[in-house]
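Trainee: My questions all concern the structure below.
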Amino acid sequence: MMALLGSSRRNGNTEYLVNEVLEGVDHKEVYLLDHHMNPIIDERHTEQGFGYINDDYEELFFEFMKHDTIIFATPSYWFGMSAQMKIFFDRWSQYMRDDRIDFKEEMRKKQAYVIVIGNKPDPKIAALPLIQQFHYIFDYVGMEFKDYIIGQANKPQEILNDSHALTKAAFWNNQFKQSSHR
């Protein structure tokens, strides 16, 4: 299991909820902010295709590919995913055409969970288009979209006031613990 954290700050509400979900569960956490990822330059229709990009993305991508269950966690920034998370997805375009892997076949083996934290307006409504965007991405590549949590918080530790998000995080934690014992 892998958790991809797209927040632009450490020790925030997104990270707190991920930690609640994964407490006692064997997993790998990746803070996208810690990795230098260049934005994609679209070379899909050029004769040579995508060229090599000198950054941390390829190593991160192949680590991601080793995991079957992925938690994508991001604050809602201006009603969308963080820039780091968006770059992570945008760069998939390179690997969809990479001869070293069968991208869509590998993606079909993965399960996706999403955690989004927002504040105002009420993220239980305002973050739904972002949840839908994740759903479309996963559907496009064949990943199974299992579930999502939308938490309401802004300042650090405000997530502690969202009993619904905390309850669902505890439910996921229990599910993940049970499935790891099978």
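FYI, it's all coordinate maths here, none of it is from the lab. Here the structure is a predicted model, which means the values were calculated and not measured. Cβ sites come from the backbone with ideal geometry, for glycine too, and all protein chains shown count toward neighbours.
Trainee: For ASN174 and ASP68, compute 0.36 nm times the residue count separating them, minus their Cα-Cα distance, and round to one decimal in nm.
Mentor: On the way: separation 106, 0.36 × 106 = 38.16 nm, distance 1.81 nm.
Stretched fully, the ASN174-ASP68 segment lengthens by 36.4 nm.
Trainee: Follow-up. Just the C-alpha atoms of the chain: what Rg/Rh do they give, with Rh taken as the Kirkwood radius?
Mentor: Details: Rg = 16.4 Å, Rh = 16.9 Å.
Ratio of gyration radius to Kirkwood radius: 0.97.
Trainee: Under a point-charge model restricted to the Cβ atoms of Lys and Arg (+1) and Asp and Glu (-1), what is the dipole moment magnitude of the chain relative to its Cα centre, in debye to the nearest 20?
Mentor: That gives the chain a dipole magnitude of about 600 debye.
Trainee: As a quick test, which of the pairs LYS104/LYS146; LYS110/LYS177; LYS66/LYS86; LYS104/LYS168; LYS66/LYS104; LYS110/LYS168 have an alpha carbon distance above 26 angstrom in this structure? Can you show the working numbers first?
Mentor: Values: LYS104/LYS146 18 Å; LYS110/LYS177 18 Å; LYS66/LYS86 20 Å; LYS104/LYS168 30 Å; LYS66/LYS104 14 Å; LYS110/LYS168 21 Å.
As for pairs spanning more than 26 Å Cα to Cα, those are LYS104/LYS168.
Trainee: Any idea what % of Cα-Cα pairs in the stretch 1-66 are farther than 14 Å?
Mentor: On the way: 1414 of 2145 pairs.
Everything past 14 Å amounts to 66 percent.
Trainee: Using 1/(1 + (r/R0)^6) with R0 = 25 angstrom and r between the beta carbons of ASN119 and LYS146, what's the FRET efficiency to the nearest 0.05? Provide the component values of the computation, followed by the final result.
Mentor: Values: r = 25 Å, r/R0 = 1.01.
That pair, ASN119 with LYS146, gives E of 0.50.
Trainee: In addition: Please give, to one decimal in nm, the separation of the simple spin-label points placed at TYR52 and ALA83, each 7 Å out from Cα toward the Cβ.
Mentor: 2.7
Trainee: Find the centroid of the Cα atoms in the stretch 150-164 and in the stretch 1-28, then give the distance between the two in whole Å.
Mentor: So the two Cα centres are separated by 14 Å.
Trainee: Checking understanding here: applying a Kyte-Doolittle mean of at least -1.0 and a length along the axis of at least 18 Å (C-alpha), which whole DSSP H helices in the chain pass?
Mentor: Flagged H segments are 128-141, 163-180.
Trainee: While we're here: Would you mind getting me the FRET efficiency between SER93 and SER163? Use the beta-carbon distance for r and R0 = 35 Å, nearest 0.05.
Mentor: Working: r = 40 Å, r/R0 = 1.13.
It comes out at approximately 0.30.
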